[in-house]
1. Mind ranking 146-157, 80-91 by how tightly packed they are, going by the mean number of other C-beta atoms within 10 angstrom, highest first?
2. When only Cα pairs under 8 Å and 6 or more residues apart are kept, what is the percent relative contact order across the stretch 115-182?
3. Provide the gained length on full extension for the span residue 170 to residue 117, in nm with one decimal, where the gain is 0.36 nm per separating residue minus the Cα-Cα distance.
């Protein structure tokens, strides 16, 4: 019983078929008939335990996150390994191979890569039965629609991860923010090589804990789980970056042109 990848892996509506696809999704979801979850927290990977004061994602709430596929998959991984269903809406570049590398159970992963302007309807429908949903909004949501979705999350005990962008603005009624920054890719040589993973810093703040908490991690680790890097590595990286700044300021680079760099992730 339930919706697997074969049912809604590619909800990619075109033209007038969008409404029909969403209705089909609702019918499939109604077959699951998930009752309200009584879990107060959804689990996070142990490497992220120090980020949030509760050491987990609060049920019935929303979080604003960076639009990074690596971060989204890292936040879904622990819940999926515990047997919970997860869904990703509006992220066509997120692949199933990458999800599997993070230890996410593909039979319990629902992908809606291109919902178009029906992204909010698809997210609301999934919130009926899926406890953890990540969504990349396709447009700015109205306050009334956000309030209805928030009420549904509270009623069903679900958690929503909303990626932030300049076009859609900040997500209202967010419990906190989880951002990825200072990401460095591994396995790439001078313009060649296979990507083997990345290291990055993840920083979180919440309404009840406004002071930021950060952790340096490898995404993913050798066994798929998130690997927390030793504290001395983070300190060394930070010291190296700070030491380099004065030297850069002393150089006379006035008028020098730099070629743009391509950034992955």
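1. Values: 146-157: 16.5, 80-91: 20.3.
Going from most to least packed, we get 80-91, 146-157.
2. Working: 63 pairs, mean separation 23.3, N = 68.
Over the stretch 115-182, the number comes to 34 percent.
3. Numbers: separation 53, 0.36 × 53 = 19.08 nm, distance 1.82 nm.
Full extension from residue 170 to residue 117 adds 17.3 nm.
No value in this document is a laboratory result; all are computed from the given coordinates. Note that the structure is predicted; figures quoted are calculated from it, not measured. Cβ coordinates were reconstructed from backbone atoms using ideal geometry, including for glycine residues, and neighbour counts include every protein chain displayed.
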